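Let me begin by presenting the structure, written as structure tokens, before commenting on it.
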Amino acid sequence: MSEDYLATGTERNDESSKLMEAEIALRLDEPVARELYEDALARSATNDERARALAGLGQIAFRFGRPREAISRLEEARVLWRDGLAANPSAADTLGRAYAMVDQLEPAIAIFRESLVAAEEENDPAETVRFAVLLANAYIDALDFPAAEELLARTRALAPDARDPIFRARLYWSHSRLHTLRGDHMAAARFARKALSLLETTEHTYYTARAHQLLAHIELDRNRPEDALGLLKQGLALLGESGNSLDLSLFRLEEARALTQLGRHEEAASLAMQASAGLAEGRPHDAGRGYALIAGVFEELGDRAKARELYELAIEVLQAQPGRYLTEVYEKLAHLLEAEGQKDAALDVLKKAVAVRREPSQ
């Protein structure tokens, strides 16, 4: 009998096999994965075993729309791994995206940049492309458009197979987000439709559903609520059980925007309230958009006091990531204050909007 068996009643290679079983279950989206990882964590006897179990639980938390739990689990695993995230690209991918989801862009960018450098040093084209696209999207979220454009332009040359539809769809998706935040809705729609067209030829229904949501967002920016509602209906049907609570809340938020444009204000307010509650912990920036939407509904209904309260709440949330949406909320609040005869206060708010527009990334 080995020392491991005498000490614990099991062989260490048995634990390794159980971790492998858990990792396979995770890749196949099997519900049993969580139970397997929790068992592996309880029985872990080495730092590596504990780190692998924690990383698996972190990835499961992320898939179920709990990014803060994912960050906690993955950061604990990161400390235990001798080589950190460099040798664990899947964990780096999830941890970076979890930080981005809760609007903590600095650590997200640092993780993706470090992982990109490691992939380039290993001459791994697939991982290089993966982290180049993730880093480009983090730059887009941070409104560093020149850095994002440069990286997206370079990524196509790095691709091991630029004909791969998923790779091309991800590039088109990133370009669409970039143009959306720049306010170029025609170009954003063009790239979103290219991404959607490619995804529809694959079996990746989750990404296809999200592409419908992105295109609906763009159509609403173009004041086309009927088209947006059609896209959202198709996207929700595709999402099915593969989406989590955050995905559903994003769809509800876009549906609320569409109902607002159609003049169905009370329905819009109810949906936007549900969406904001669902997004508050996981995607605070989108929750801020929801608060602004509800504020607009109350303003339309004549309840200016409630509208002002919600505009100010939206500003408080959106200030963590200044950009187009923060500017729009400042302008709406200024309009409301002016309507109430508070011209000096309205001017002060407009000055803040101008200051955000003058940021270099704008």
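So the values come out like this:
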read-out	value
Point-to-point label distance, E106-E75, nm (Cα→Cβ direction, 7 Å offset)	1.3
Angle in degrees between helix 125-141 and the longest Cα principal axis of the chain, rounded to the nearest 10	30
On Cα atoms only, tilt of 165-182 relative to the major axis of the chain in degrees	30
Restricting segment 264-342 to GluC sites (Glu not before Pro) in coil, as DSSP defines it, with at most 13 other Cβ within 10 Å	E340
Convex hull of segment 214-305 built on C-alpha atoms - directionally averaged projected area, nm²	5.7
Rounded to 10°, Cα long-axis angle of helix 265-279 versus longest principal axis of the chain	30
Percent breakdown of C-alpha pair distances by 5 Å bin, ordered from the shortest bin, for segment 19-80	4, 23, 31, 27, 14, 2
Listed residues M273, M186, M101 arranged by accessible area, highest first, probe 1.4 Å	M186, M273, M101
Rotationally averaged projected area of segment 100-221 (alpha carbon convex hull; nm²)	7.3
Option label - Kirkwood radius over Cα pairs in Å computed here, alternatives (1) 23.2; (2) 22.1; (3) 24.2	(2)
Average Cα contact separation per residue, the chain, under 8 Å, 6 or more apart, as relative contact order %	9
Cα gyration tensor, segment 260-362 - rounded (a/c under 1.5), prolate or oblate	oblate
Loop sites in segment 203-250: trypsin sites (Lys or Arg not before Pro), DSSP, at most 12 other Cβ within 10 Å	none
D227 paired with E300, simple spin-label distance in nm, labels 7 Å along Cα-to-beta-carbon	2.0
Lysine pair number, Cα distance threshold 26 Å (strictly under), the chain, separation 8 or more or different chains	10
Net length gained if the chain between E149 and M20 were fully extended (0.36 nm per residue, minus Cα distance)	42.6 nm
At most 11 other Cβ within 10 Å, DSSP loop - trypsin sites (Lys or Arg not before Pro), segment 22-96	R82
Within the accessible area of the chain (1.4 Å probe), percent carbon and sulfur	49
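The values are calculated or read from the model by the stated rules, or taken from the named source; none is laboratory data. Because the structure is a prediction, the values reported are computed rather than measured. No Cβ is skipped: glycine too gets one built from the backbone with ideal geometry, and neighbour counts run over all protein chains shown. The accessibility values were calculated without ligands, DNA or RNA, using every heavy atom of the protein model including side chains. Shrake-Rupley method; radii C 1.70, N 1.55, O 1.52, S 1.80 Å.
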